[in-house]
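The values are calculated or read from the model by the stated rules, or taken from the named source; none is laboratory data. Keep in mind that this is a model prediction, so the values were computed, not measured. Please note: Cβ atoms are built from the backbone with ideal geometry, for glycine as well, and neighbour counts cover all protein chains shown. SASA here: full protein model, heavy atoms, side chains in, ligands and nucleic acids out. Shrake-Rupley method; radii C 1.70, N 1.55, O 1.52, S 1.80 Å.
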Amino acid sequence: MTLTQKILAAHCGKDRLAVGEMIMADVDLALGNDITCPVAVKAFEAAGGGKVADPDRIAIVLDHFAPNKDIASARQCAVCREFAAKHNVKNFFDVGEMGIEHALLPEKGLTLPGMLIVGADSHTCTYGAVGAFSTGVGSTDLAYAIKTGKLWFRVPEAIKVTLKGKLSPDVSGKDLILDIIGRIGVSGARYASIEFTGDIGSLTMDDRLTVCNMAIEAGAKNGIFPVDDITREYLAERADGKFDTLLPDSDAQYSRELTIELGKLRPTIAKPHLPENTVTLDEIAKEKIKVDQVVIGSCTNGRLSDLEAAYKVLKGNRVARGVRVIIIPATQDIYLRALRLGYIEAFIEAGAAVSTPTCGPCLGGHMGILADNEVAIATTNRNFIGRMGDKTSKIYLASPYVAARAALLGYIG
């Protein structure tokens, strides 16, 4: 079996699973946010309400429109607060202690190897970076998981991605996953597990979190890395050391295999309006595409190493006139550490705006909406039509390094 199949088997009491098999599996953690959780609460109450299966296996993070941007979002958050209080949900994160959910939960040690995690947010697949099976579900599915502690799954086929070598300087996990999506397309891994192997030790945990975060942009059910020393080191200060370290069988069956030479990768950009429209920085730099806004943050690239990459470019410099630069640390802890390291001061001195942790403009929420025909380069995960504002606006996806360069130049280069 593949790594994903082994985790699913362990959660449904079976020794072996076949691709396409339908199973009812135990859920270790069910996640909702301020957009999706209120819908789940409504479904939960419509189904009779009552007690939740296990309040300790629920996480609610108010991150999309929080701090509340308007009355409607305030009401959404109020529903979440009331539900969390009523059911004694201890993993409830509000303004002042919250962060962008997919950066916050790993930071808190709530996502561990071998776990089965579902979340009413498509980028829940992020937690495959620590060796968990994690995937996005609908809000009614979330309600069922909260109520019963279980959920139905169809066992996915798997795509094996073998990594060779190591990344060059200024090339990151964001460039790796954009390269993969560019190769196989936004539907290339539809309802499949993308399983990484080979020289994974050359990728940091932040790289892996970014890669798994965007597995859904290739249509994948989940992305997943096996546990290694980097995983153990990352979890050492976040967990009690008790977790499963499953590995795929040597004769595991894969529907497709890819080999990526990491040393050959270049900084990569996804052009509008799909993450599969990838080109290298070397190719697109010739066009000198002017940008109106730069966004560095999100559940994809708002971690400390991402801010460090931007800091190295922006320190002692000034952003180009006419370019709005918005930097959003993904969690309170990341914000505080960046502050102590001098990153925040350097960003402000360079002319950037630094925000409290929030999803903000990534989904066209707030804190940086685009007007007609404006162009943004962002470290976010989607560049669909109208994703960040007006439907005539354009979004280019890139790493923090590339985005920071554009902030100084005023164009992608």
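Of all residues in the range 201-226, count the ones that are among the basic types (Lys, Arg) and open to solvent by less than 30 Å² (accessible area, probe 1.4 Å).
Here is the first cut: in the range 201-226, the ones among the basic types (Lys, Arg) are 208, 221.
Still in the list and also open to solvent by less than 30 Å² (accessible area, probe 1.4 Å): 208.
Going through the range 201-226 one residue at a time, the tally reaches 1.
Across the range 1-12, the qualifying residues are those that are modelled with pLDDT of 95 or more and surrounded by fewer than 23 Cβ atoms within 10 Å (Cβ to Cβ), and the one among them that is farthest from Phe133 (Cα to Cα) is Cys12. Residue count for the range 290-299, restricted to those that are buried (at least 18 other Cβ atoms within 10 Å of the Cβ) and not in a helix (DSSP H, G or I): 6. For the range 310-320, the count of residues that are closer than 22 Å to Leu203 by Cα, touching a helix residue (DSSP H, G or I) at 6+ places or on another chain (Cβ under 7 Å) and in a loop (DSSP other than H, G, I, E, B) is zero.
Scanning the range 47-87 for residues that are free of Cβ contacts under 8 Å to residues at least 24 places away in the same chain and open to solvent by less than 10 Å² (accessible area, probe 1.4 Å) returns a single hit, Gly49.
Against the condition under 25 Å from Asp228 (Cβ atoms), open to solvent by 10 Å² or more (accessible area, probe 1.4 Å), under 20 Å from the mean Cα position of the chain (by Cα) and not hydrophobic (A, V, I, L, M, F, W, C), how does Asp121 come out, does it pass?
Working: under 25 Å from Asp228 (Cβ atoms): no; open to solvent by 10 Å² or more (accessible area, probe 1.4 Å): yes; under 20 Å from the mean Cα position of the chain (by Cα): yes; not hydrophobic (A, V, I, L, M, F, W, C): yes.
Taking the combined requirement at face value, the residue does not satisfy it.
Of the numbered criteria (1) free of Cβ contacts under 8 Å to residues at least 60 places away in the same chain; (2) among the acidic types (Asp, Glu); (3) farther than 21 Å from Asn301 by Cα, the one Glu233 fails is (3). The set of residues in the range 227-282 that are surrounded by fewer than 19 Cβ atoms within 10 Å (Cβ to Cβ) and of a type in the set (Ser, Thr, Tyr) comprises Thr245, Ser250, Tyr254, Ser255, Thr259, Thr280. Of the residues making up the range 210-233, those that are part of a helix (DSSP H, G or I) and within 18 Å of Val118 (Cβ to Cβ) are Cys212, Asn213, Ala215, Ile216. Yes or no: the range 274-286 includes at least one residue that is under 28 Å from Lys160 (Cβ atoms), at pLDDT 95 or above and among the charged types (D, E, K, R). Yes, the range 274-286 contains a residue that is under 28 Å from Lys160 (Cβ atoms), at pLDDT 95 or above and among the charged types (D, E, K, R). Among the residues of the range 321-361, those identified as assigned to a loop (DSSP other than H, G, I, E, B), hydrophobic (A, V, I, L, M, F, W, C) and within 18 Å of Thr380 (Cβ to Cβ) are Val323, Ile328, Ala330, Ala352, Cys359. Given the options Ala40, Ala25, name the one that is of a type in the set (A, V, I, L, M, F, W, C), closer than 28 Å to Thr4 by Cα and part of a helix (DSSP H, G or I). Being of a type in the set (A, V, I, L, M, F, W, C), closer than 28 Å to Thr4 by Cα and part of a helix (DSSP H, G or I) holds for just one of Ala40, Ala25, which is Ala40. A search for C-beta distances below 6 Å between a residue of the range 300-322 that is open to solvent by 60 Å² or more (accessible area, probe 1.4 Å) and any residue that is in a helix (DSSP H, G or I), counting only pairs 6+ apart in sequence or on different chains, returns Lys315/Ala346; Asn317/Ala350; Asn317/Leu408; Arg318/Ala350.
With respect to (1) within 13 Å of Gln293 (Cβ to Cβ); (2) in a loop (DSSP other than H, G, I, E, B), the lone exception for Ala376 is condition (2). Number of residues in the range 144-175 that are of a type outside the set (Phe, Trp, Tyr), crowded, with 19+ Cβ neighbours inside 10 Å and in contact with a strand residue (DSSP E or B) (Cβ under 7 Å, 6 or more places away or on another chain): the value is 12.
In the set (1) small (Gly, Ala, Ser); (2) under 20 Å from the mean Cα position of the chain (by Cα); (3) not in a helix (DSSP H, G or I), Gly182 fails one condition alone, (3). Residues in the range 355-381 that are under 25 Å from Leu176 (Cα atoms), surrounded by fewer than 24 Cβ atoms within 10 Å (Cβ to Cβ) and either modelled with pLDDT of 95 or more or over 16 Å from the mean Cα position of the chain (by Cα) (or both): Val375 only.
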